[in-house]
1. What distance in nm lies between label points placed 7 Å from Cα along the C-beta direction at Tyr6 and Leu24?
2. Starting from the Kirkwood Rh over alpha-carbon pairs, what translational D in µm² s⁻¹ does the chain have by Stokes-Einstein at 37 °C and 0.692 mPa s?
3. When the helix-only estimate is applied to the chain (DSSP H runs of n ≥ 4, each -39,500 (n - 2.57), divided by the residue count), what is the mean residue ellipticity at 222 nm, nearest 500 deg cm²/dmol?
4. For the residue pair Val14 and Lys42, what label-to-label distance in nm results when each label sits 7 Å from Cα along the Cα-to-beta-carbon direction?
5. Quick check for me: using +1 on Lys/Arg Cβ and -1 on Asp/Glu Cβ, what's the dipole size of the chain about its Cα centre, in debye to the nearest 20?
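Values in this text are rule-based calculations from the coordinates and carry no lab data. Predicted model, so just to flag it, every value in this text is computed and none were measured. A quick note on method: Cβ atoms are made from the backbone with ideal geometry, for glycine too, and the neighbour counts reach across all protein chains shown.
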Amino acid sequence: MNQRHYRDLIRRAVLSKDTHQLGLIVAQLTDAERAREILRAKGYGASGMNASATAAQVPCTPRKN
């Protein structure tokens with residue numbers, strides 16, 4: 001989803017006082033921030049980098065089956 005979609009989703013949830021939807025959005029943001037913290041602790045990313053840029057630094061390794 002793009003930023004506009006998220007902004008509209010948040011706006012609708014706030015205007016309609018949809019606390020369930022707002023809770024889901026907050027949970028998603030919290031999870032993304034925690035993932036970024038984990039990646040930073042493992043040496044990826046830099047201060048101020050967004051989560052996707054930080055995740056992009058993780059090397060891709062083939063899975064072992």
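1. Between Tyr6 and Leu24, the label points sit 1.6 nm apart.
2. Stokes-Einstein gives a translational diffusion coefficient of 237 µm²/s.
3. Calculated mean residue ellipticity at 222 nm is -21000 deg cm²/dmol.
4. For the pair Val14/Lys42, the computed spacing is 3.4 nm.
5. Numbers: 11 positive and 5 negative charges, 29 e Å.
For this selection, approximately 140 debye.
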